[in-house]
Amino acid sequence: MPERSLIRNVMTSPDPRRHAPATARNREPILDVLRRVLPEAGHALEIGSGTGEHAVFFAQALPAWQWTPTEADPDALASIQAWIAASGLTNVDPPRLLDVQAADWGVPPVDAILACNVIHYAPWATTPALLEGAARLLRPGGVLYLYGPYRRGGQHTAPSNAEFDVWLKQRNPVFAVRDLDEVQAEAEARGLVLCEVVEMPANNLSVVFRKAAMTP
């Protein structure tokens, strides 16, 4: 079954930390891919950090990386900050509000950009805007990592993904499981080269793009 965004508080109020059950299920498989495709150290920008659980988990597992979590929803910032504070980590920046459709994201160049379970929970315009921002901010050779369900060749990869697509559109008609071919075309038009697609649990995919290196 695809990962639906069902979020609850870890503890009763006033603890602001939220919990997304899918995070506990997908974070280790995602980390396995990140350890393989990322360099030893760098600066990562996370788009759509949600509860903040991914940010602290990946930052703890990759201590040579500086992590910058971001969210478009201001109500999510308290949860992200609370997870950072509880972790005691020093390689996670305070969370920032970020609208990927803004012309200027207000952040410096980075070595990696991650967006997990983002583009299907947003209108299509978010996808080219995210890719445009990645092309603008990634250093040459930098990695764009996308995680979530995709259609391939216009078709769903599993019946559960087709059901999830219906569920998404019932929540908001502009949400949808995106077609990987369309995402790839938008990425490559911006100099982001598809490096690999990795099958993940719950019929999700890890999609790894890399910004073309500068030629001499």
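Just a few scattered comments:
- Any chance Ala187 is surrounded by 17 or more Cβ atoms within 10 Å (Cβ to Cβ), out of contact with any helix residue (DSSP H, G or I) (no Cβ under 8 Å at 6 or more places or on another chain) and not in a loop (DSSP other than H, G, I, E, B): no
- Condition check for Arg210: within 16 Å of Leu131 (Cα to Cα) and basic (Lys, Arg): yes
- Here Ala176 clears all of (1) under 21 Å from Gly50 (Cα atoms); (2) assigned to a helix (DSSP H, G or I) except the condition numbered (2).
- Taking the conditions (1) under 21 Å from Trp67 (Cα atoms); (2) in contact (Cβ under 8 Å) with a residue 60 or more places away in the chain in turn, Pro149 satisfies each one other than (1).
- Residue tally, condition of a type in the set (Val, Ile, Thr) and touching a residue at least 24 places away in the same chain (Cβ under 8 Å), over the stretch 181-214: 4
- Test: residue in the stretch 91-100 that is in contact with a Cys (Cβ under 8 Å, 6 or more places away or on another chain), buried (at least 16 other Cβ atoms within 10 Å of the Cβ) and in a strand (DSSP E or B): no
- Subset of the stretch 35-50 (residues that are within 12 Å of the chain's Cα centre (by Cα) and either outside any strand (DSSP E or B) or of a type outside the set (Gly, Ala, Ser) (or both)): Leu45, Glu46, Ile47, Gly48, Ser49, Gly50
Results for (1) loosely packed, with under 13 Cβ neighbours inside 10 Å; (2) within 25 Å of Gly106 (Cβ to Cβ); (3) at pLDDT 95 or above, shown as yes or no for each residue.
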{"residue": "Ser5", "(1), (2), (3)": "no, no, no"}
{"residue": "Asn9", "(1), (2), (3)": "no, no, no"}
{"residue": "Ala22", "(1), (2), (3)": "no, no, no"}
{"residue": "Pro29", "(1), (2), (3)": "no, no, yes"}
{"residue": "Arg35", "(1), (2), (3)": "yes, no, yes"}
{"residue": "Gly42", "(1), (2), (3)": "no, yes, yes"}
{"residue": "Leu45", "(1), (2), (3)": "no, yes, yes"}
{"residue": "Gln60", "(1), (2), (3)": "no, no, yes"}
{"residue": "Pro69", "(1), (2), (3)": "no, yes, yes"}
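- Test: residue in the stretch 156-166 that is more than 17 Å from the chain's Cα centre (by Cα), buried (at least 20 other Cβ atoms within 10 Å of the Cβ) and touching a residue at least 40 places away in the same chain (Cβ under 8 Å): yes
- Residues in the stretch 81-125 that are of a type in the set (Asp, Glu), closer than 14 Å to Leu138 by Cα and touching a residue at least 24 places away in the same chain (Cβ under 8 Å): 1 in all.
The values are calculated or read from the model by the stated rules, or taken from the named source; none is laboratory data. None of these values were measured; they are calculated from a predicted model. Cβ atoms come from the backbone with ideal geometry, glycine included; neighbour counts cover every protein chain shown.
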